Structure formats: C-alpha cells, structure tokens
1. With chain A treated as a Gaussian network of Cα nodes joined by springs under 10 Å, which of A:Pro37, A:Pro12, A:Pro78 yields the largest mean-square fluctuation?
2. In degrees from 0 to 90, rounded to the nearest 10, what is the angle of the helix A:50-62 Cα long axis to the longest principal axis of chain A?
3. State the Kirkwood hydrodynamic radius of chain B in Å, one decimal place, computed from all pairs of distinct Cα atoms.
4. Give me the percent of the accessible area of region A:85-124 that comes from carbon and sulfur atoms, probe 1.4 Å, all protein chains in place.
5. Using a Förster distance of 22 Å, how high is the FRET efficiency between A:Lys72 and A:Ile3, based on the Cβ-Cβ distance and rounded to 0.05?
6. Go through region B:74-91 and flag every residue whose accessible area shrinks by 30 Å² or more with all protein chains in place compared to the isolated chain (probe 1.4 Å).
7. Give me the compactness ratio for region A:13-76, meaning the Cα radius of gyration over 2.2 N^0.38 Å.
8. So the label point sits 7 Å from Cα along the Cα-to-Cβ vector; using that for B:Ile3, what distances do you get to the other copies, in nanometres, sorted shortest first?
There are 2 protein chains.
Amino acid sequence: MFIKIDFQSETPIYLQLRNQIIEGIAKGHFKPNDSLPSVRQLASDIGINLHTINKAYNLLKSENYIAIDRRKGATVLPLMDEPDMAFVDDLKKTLNTLIASSICKGISKDDFLTICSKIYDNFREEM
Amino acid sequence: MFIKIDFQSETPIYLQLRNQIIEGIAKGHFKPNDSLPSVRQLASDIGINLHTINKAYNLLKSENYIAIDRRKGATVLPLMDEPDMAFVDDLKKTLNTLIASSICKGISKDDFLTICSKIYDNFREEM
DNA sequence: ATATCTGTTATATATATTATATAACAGATA
DNA sequence: TATCTGTTATATAATATATATAACAGATAT
C-alpha cells in the first residue's frame, strides 16, 4: 500500500485515506475485485487507529467505490461506464466554486483546461 | 446581497459564505473596491451570528480576495492577472482528487472538459 | 476443534471545529 | 455625541475527528 498521511494537514486523516484510495483506483493500482488491506492491517501499517480506517472504508462504500464483505473484507468495485446524475451534480457544484476562485486568481479558461487535460492524461497513461 | 445558506448542508456556514462571495466576485456582481456588507448587517440579514460572518471575511482576507479596513469595512480586491504558484499547487491537488473520482464514475476526459468549459463561459457571459 | 482472520458494535475519552451569545473597546464619521 | 466600523474577550454548546479497549459473529485455515 502506497498511502502517505500528512499529519500536519488540515484535511482529516480519513479523508486523505479516501482520496488516495480513489486515486489508486483511478490509476489502476487497485483493480476491480482487488482486496484492500484489512482495517487492522492498514491501521497498523500507517500507525493510526482502526476506527479511522473503518470510517474511510465506510465512506468509500457509501459512495460506491468499494464493497465490504464480512468474509472477504473490502473489495474494489468496477469503474462505472455511465456517470450517475447525483455525482455529476455534486461535481458541477464543486467545479463552480473552484473555477470561480481560479478566475479571481487570474487563471484563464485555457490554462484551467490544460491543467485538467494533463491530470487526466496522467491517470490514463498508467492503465 | 444574494447569499443563500443551506442550514442542512454538511458544508459549514462560513465556507458556504466564502464560496458564494468568491462566486459573486468571479461573476462581477462584486466589483473591485466594492464594499461588502458589514459583519453585523450581513449577520442580521441572514439570521446568523456576526462571528460566523467575521470568520468567512477573515478567511477571504487571508486568501487575498478582499481587504479589511477598520474604517471602510471589507472591500473587494482587484482580480489577479498572474496566478500565484501556491494557488496553482492547491488547485492541482484538488483537481487530482476530483478527476480521479470522475474517472471512477465514468466521466470521460471530453465530458469533464466540456463541463468545465461551460462553467467558465457562465462566469464570463455576465461580465 | 482451535486459533486466526474478517468486519462490526459498544463505550469511553480527548481534542478541535463550528456556531452562538454577550459584552466591551478603539477608531472613524456624520 | 451618537453611531457606524472591525476587533477582542469570554463563555457555552453541539458536532466532528481520532484514539483506546473490548467484545462479538462469521468465515477459514491448520
């Protein structure tokens, strides 16, 4: 597992975990049906409490990134081929704020789209 | 003032305020040197505590969106024409997570760029 | 069978964040 | 002088974050 927690960050640990696991799935480091480490294993690896891992896993489950089975543990769900509306609505709201701040900070539309394009390519090239 | 607070939202009030003010600046509803309502006035309008407004204003000040003067109150700063590095770094990190989740949810690069492009145009057409 | 591995649940504690309520102060201004 | 700024201080309450221990139920490998 390539999880790096920044304990100085203002982003809560369980959210850093969630984000890095999502990035791992998008990068293909975690394939569909792959098992994630058990909550105890990962907690011990990172040196944090198992409930913090559990909170991240349950959040990922509620967002449909992983499934949790009492026997097998947490497993990665297949990527979607059709986006669901609720996600797109959330995405648009987040992007609205992000783009507003970018406009204030002098980032042109082209600059912004170029940044996004490069990030997208970073994910794709490793799959 | 066109501030709408969702008291059911999990996003803290002071952050909803911050975001909507940034969106107001980006849309040109607030022009450079415009005064924002006083903390007491806005608190009374929305029906929340003045310290919550103060927290939002001071956050906006620390992020260089507004200036706060003891006499004139809070005023909108001019938009930047050159982005600063710290902001771009933050933006890239946020976009990295957002794009990772979008990939998992089946949103293609073209879909994503089109959404961003439209949001950018929404801001521009009102200026 | 027994030991060991899952997630899950419960309880308790500590700290930080968010939001409110009151009050007072200093400076500018009408 | 009264009134408007932001600012500071104190107190309180609710919620969120993180940890610590312990125990339970189900699956599994030896």
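The values are calculated or read from the model by the stated rules, or taken from the named source; none is laboratory data. These numbers come from a predicted model, not from an experiment. Glycine gets a Cβ as well: all are built from the backbone with ideal geometry, and neighbour counts include every protein chain shown. Please note that ligands, DNA and RNA were not included when accessible areas were found on the heavy atoms of the full protein model with its side chains. Shrake-Rupley method; radii C 1.70, N 1.55, O 1.52, S 1.80 Å.
1. A:Pro12
2. 60
3. Working: mean 1/r = 0.0608 Å⁻¹.
It is 16.5 Å.
4. Values: 930 of 1750 Å².
That fraction is 53 percent.
5. Values: r = 20 Å, r/R0 = 0.92.
It comes to 0.65.
6. B:Leu79, B:Met80, B:Pro83, B:Phe87, B:Leu91
7. On the way: Rg = 10.6 Å, N = 64, 2.2 N^0.38 = 10.7 Å.
Normalised by 2.2 N^0.38 Å, the Cα Rg of region A:13-76 equals 1.00.
8. Distances between equivalent label points, in nm: 3.8.
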